[in-house]
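The values are calculated or read from the model by the stated rules, or taken from the named source; none is laboratory data. Keep in mind that this is a model prediction, so the values were computed, not measured. Cβ placement follows ideal geometry from the backbone for every residue including glycine, while neighbour counts extend to all protein chains displayed.
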Amino acid sequence: DTAVSQTPKYLVTQMGNDKSIKCEQNLGHDTMYWYKQDSKKFLKIMFSYNNKELIINETVPNRFSPKSPDKAHLNLHINSLELGDSAVYFCASSQGRAAAHYGYTFGSGTRLTVV
Amino acid sequence: SQQGEEDPQALSIQEGENATMNCSYKTSINNLQWYRQNSGRGLVHLILIRSNEREKHSGRLRVTLDTSKKSSSLLITASRAADTASYFCATDAGLKTIFGAGTRLFVKA
């Protein structure tokens, strides 16, 4: 009965590969997010979808492509992985369009290591 | 640029002591939130305080907000070893929420 679940938890892959991370929420929230946390623990938003509509698209390489088949799912596909993509990627969800008003529910993260 | 910045970066205390963490931000906000992150886990929402509120409590947590100084503090009373985690403040910027770099709290048993 996990609220926000993302898979896989760990992902080790070689440079140049393409990989996907999946996220699902069962909270009935309207908005889902992808965040990247670097080795210094800085959290930076990447994308946000509200009812399958892209509403936040930060300046990230276009090798990163989000996809929301429905409001309960938000996946992240990464092409041509680079060493600098190594980080922990968090999926999150919130009610409404702005988590600032309601708070986020985070998944447990996907630790991506590119070798 | 970072909106919220926590201070101190790291804090080590004995079990039973109080822990205070501070957050400063740069621009006007509507709300400020505090989150906890245990090692290897996702962030957990602790408290949201609105700009028209000055203080909020939740169990052993007390959050204050001073909009004139653009700062907030999180007080954890009677700390426990299980409180060992990183604590982040987060401020709103339109549709986005900006997180600080966090305070790493270590509570020694």
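Values computed for the structure shown
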quantity	calculated
Conditions (1) in contact with a Lys or Arg (Cβ under 8 Å, 6 or more places away or on another chain); (2) in contact (Cβ under 8 Å) with a residue 40 or more places away in the chain; (3) crowded, with 17+ Cβ neighbours inside 10 Å; number of the one not met by A:Arg111	(3)
Complete set of residues in the range B:51-109 that are within 30 Å of A:Leu54 (Cβ to Cβ) and outside any loop (DSSP other than H, G, I, E, B)	B:Ser86, B:Phe88, B:Cys89, B:Ala90, B:Thr91, B:Asp92, B:Ala93, B:Lys96, B:Thr97, B:Ile98, B:Phe99
Index of the failed condition, A:Asn51 passing every other in (1) over 20 Å from A:Val114 (Cα atoms); (2) of a type in the set (S, T, N, Q); (3) in contact (Cβ under 8 Å) with a residue 60 or more places away in the chain	(3)
Residue, modelled with the lowest pLDDT, within the range B:4-21, restricted to residues that are buried (at least 16 other Cβ atoms within 10 Å of the Cβ) and touching a Cys at 6+ places or on another chain (Cβ under 9 Å)	B:Gly4
Index of the failed condition, B:Leu48 passing every other in (1) within 21 Å of A:His101 (Cα to Cα); (2) assigned to a loop (DSSP other than H, G, I, E, B)	(2)
Whichever residue in the range B:76-109 is at pLDDT below 95 and over 11 Å from the mean Cα position of the chain (by Cα) and, among such residues, is nearest to the other protein chains (Cβ to nearest Cβ)	B:Asp92
